[in-house]
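Just so you know, all these numbers are worked out from the coordinates, no wet-lab data involved. In this text, all values refer to a predicted model and were calculated from it rather than measured experimentally. Cβ placement follows ideal geometry from the backbone for every residue including glycine, while neighbour counts extend to all protein chains displayed.
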Amino acid sequence: MKKKIIIIVCSIVFVLLAAVSGWILYNRFFPEEYKVGEDEIALRIQMDTKEDIGLLVYDYNIAGHDCGGGISNPDRSMIKHDEELIATWDKEQLKLATGCEDFEDELPINMRFRIITEYQDPNFDNVYPESITSYLEPIEWTAHIGQEYKVRITGDKAKGYVVSPA
């Protein structure tokens, strides 16, 4: 009787471990697609450049307030030439950026990207050497809370980069 109970308990533990391992492996190889939250704005940036870049920096004006940000890899590696990047702003961030407690669900955004062609440690001032900085033409759109917007960045260090709607 004891032997049967031990076998049953071991079988249950084995099945649970197999199920958890399968779930972990499935999520590793088939990660969930990002979905924009109801209280945020998302910008998907598809890199389609000829070479990897160091940083992607952006200066933007949102509802009349100047802000800045950027994207880098935490392990200090280069951003891949074909990588998809996602920048998000939730309502709390937007309140801090605009200084408004109550804002419309529709926000005018004017954004200008800068590509830093070599890796540099990110800094809060977003100041980088001009010799490795490439400026892209500004883009404008009216953003709505809960929506996602897509852009594509193409080009190379020698001829310059271009940002366009994806």
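Contact order normalised by length for the range 38-166, with contacts defined as Cα pairs under 8 Å and 6 or more residues apart; what percent is it?
Computed value for the range 38-166: 36 percent relative contact order.
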For Ala143, which sequence-distant residues (separation of 5 or more, or a different chain) have an amide H within less than 5 Å of its own amide H, given hydrogens modelled in the peptide plane?
Leu107, Ile109
Most exposed first, judged by fewest Cβ atoms within 10 angstrom, Glu84, Glu137 run Glu137, Glu84
Residue by residue through the range 137-147, the couplings from Karplus 6.51 cos²θ - 1.76 cosθ + 1.60 with θ = phi - 60°, in Hz, x for Gly and Pro, are 5, x, 10, 9, 6, 9, 9, 10, 4, x, 10
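Can you pull out the trypsin sites (Lys or Arg not before Pro) in the range 50-99 that DSSP calls coil and that have at most 13 other Cβ atoms within 10 Å?
Working: sites: Lys50, Arg76, Lys80, Lys91, Lys95; in loops: Lys50, Arg76, Lys80.
In loop regions of the range 50-99 (DSSP not H, G, I, E or B), the sparsely surrounded trypsin sites (Lys or Arg not before Pro) are Lys50, Arg76.
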Normalised by the empirical 2.2 N^0.38 Å for globular proteins, what value does the Cα Rg of the range 60-157 take?
1.17
Each residue of the range 123-132 in turn: what ³J(HN,Hα) in whole Hz from Karplus with 6.51, -1.76, 1.60 and θ = phi - 60°, glycine and Pro shown as x?
9, 5, 7, 6, 10, 9, x, 4, 5, 10
Projected onto the charge dipole of the range 31-131 (unit charges on the beta-carbon of Lys, Arg, Asp and Glu, signs +1, +1, -1, -1), the Cα from Thr98, Tyr34, Met111 with the largest positive-side position is that of Met111
What is the distance, in nm, between label points placed 7 Å from the Cα along the Cα-to-Cβ direction at Thr154 and at Met1?
7.7 nm
About its Cα centre, the range 40-165 carries a charge dipole, from +1 on Lys and Arg Cβ atoms and -1 on Asp and Glu Cβ atoms, whose size in debye to the nearest 20 is 440 debye
Provide the per-residue ³J(HN,Hα) series for the range 63-69, in order, calculated from phi with Karplus coefficients 6.51, -1.76, 1.60 and θ = phi - 60°, each as a whole number of Hz, with x at glycine and proline positions.
6, x, 10, 7, 9, x, x
Mind listing the long-range amide H neighbours of Gly70? Cut-off is under 5 Å, sequence gap 5 or more, other chains count too, H placed in the peptide plane at 1.01 Å from N.
Tyr58
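Over the range 95-136, what is the mean sequence separation of C-alpha contacts under 8 Å (at least six apart), divided by residue count, expressed as relative contact order in percent? Don't jump to the answer; show the numbers that get you there.
Values: 24 pairs, mean separation 16.9, N = 42.
It comes to 40 percent, rounded to a whole number.
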Okay, which of the range 43-78 sit inside 16 Å, backbone N to the point 7 Å along the Cα-Cβ direction of Asp125?
68-69
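Using 0.36 nm times the number of residues separating Gln46 and Val162, minus their current alpha carbon distance, what extension gain do you get? Could the numbers behind the result be given before it?
Details: separation 116, 0.36 × 116 = 41.76 nm, distance 1.18 nm.
Length gained, Gln46 through Val162: 40.6 nm.
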